[in-house]
Amino acid sequence: MEKVIDITERVPAMKQRRKRRTNFKFIALITIFLLIILVLLYFQLPYSNIKKIDIEGAELRDEAYYLQQSGLQVEDSLWGFKTSDVEQLIAENEWVKSVDVKRKFLNDVSITIDEWKKVAYISKDGDFYPMLENGVVFSETNEVVPIDAPIFLKFDDESLRKKLLKQLAELKPEVLSLISQINANVTEADPYAITLFMNDGYEVRADANTLAEKLNYYPSIIAQIEQQEAFEKGIIDIEVGSYYRPFSDEYSLLDMSETETEEGGQAEQANDEQQEQQTGEE
């Protein structure tokens, strides 16, 4: 015969389980209540204020400038602002590419700024203005001749300048650092002609439309030239194709051209004098 469990035997066990559930609910409520109290205290007390603001990526402007632009100050409430609002305020600067604002830990704020890269300078009235890869000419000048980026001369055409800045931004850093100066040699027949003067003594003639594509091979071109036993520095033309001519050949051609011009002028002058003399005798 199967044993029948008496209800009186089950009652104590049921009471015990009910008591444990009640205790668990009570502890959970107390814990939630305490957490709410702690959160309220955190927001009311100075513990929720900003203790430190870290700014990274400031190069064109200093950290103090960006801190002022953000509108944040130490001891402001850590939760009294929207990160998107701060990002928008800083991004209004035309030299800023992007901004990322984050709350860190319980009291810190980090502001990470990505500025448009400086790729060149333009000379105006004896001062040098940084030019960025997005075409912006930065307002702060550099009175000393810069050495960290090439200098633009004779670039009055803004569209050509912006086109060339984009090309420079695509250059490898090691190639960009080799450029000392860039001159615009624009003509009606060749509106994108430019001349680059390199820090290693070479001269490069190129087209602004294809500069990055071709100039990135500059180190290998120089290596080929300097492998020759009696190499000489000169002009590398990458405007159409790619060829090299030593300075001695270039300047000798110029001297010959100037000599021929002078001789032609002298001959013409002598011919005019002879004709005048003949006219006088008649």
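The values are calculated or read from the model by the stated rules, or taken from the named source; none is laboratory data. Source: prediction; values computed, not measured. Quick reminder, even Gly has a Cβ in these numbers, built from the backbone with ideal geometry, and neighbours come from all protein chains shown.
I need every pair where a residue in the range 100-113 that is part of a strand (DSSP E or B) has its Cβ under 7 Å from the Cβ of a residue that is surrounded by 14 or more Cβ atoms within 10 Å (Cβ to Cβ) and of a type in the set (Phe, Trp, Tyr), sequence separation at least 6 or different chains. Cβ pairs passing all conditions: 111/66; 113/66. Could you list, in sequence order, all residues of the range 131-159 that are outside any loop (DSSP other than H, G, I, E, B) and either of a type in the set (Ser, Thr, Tyr) or under 19 Å from residue 116 (Cβ atoms) (or both)? Scanning the range 131-159 gives 131, 132, 137, 142, 151, 152, 158, 159.
Within this structure, residue 74 fails the test of being buried (at least 19 other Cβ atoms within 10 Å of the Cβ), modelled with pLDDT of 90 or more and of a type in the set (Val, Ile, Thr). Entry remark, the range 58-87: residues being over 22 Å from residue 106 (Cβ atoms) and either not assigned by TED's automatic domain parsing to the domain that holds residue 104 or not small (Gly, Ala, Ser) (or both) number 9 in total.
Let's see how each residue does on (1) in a helix (DSSP H, G or I); (2) in contact with a helix residue (DSSP H, G or I) (Cβ under 6 Å, 6 or more places away or on another chain); (3) over 27 Å from residue 121 (Cα atoms):
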site	(1), (2), (3)
54	no, no, yes
61	no, no, no
69	yes, yes, no
87	yes, no, yes
93	no, no, no
98	no, no, no
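Annotation: of all residues in the range 220-248 being closer than 19 Å to residue 175 by Cα and aromatic (Phe, Trp, Tyr), the one that is surrounded by the fewest Cβ atoms within 10 Å (Cβ to Cβ) is 243.
Candidates in the range 155-196 are the residues that are of a type in the set (Val, Ile, Thr) and out of contact with any Ser or Thr (no Cβ under 9 Å at 6 or more places or on another chain); of these, the one that is nearest to residue 217 (Cα to Cα) is 175. When the helices (runs of 4 or more DSSP H) confined to the range 160-236 are screened for residues that are among the β-branched types (Val, Ile, Thr), those reaching at least 3 such residues are found at 218-225.
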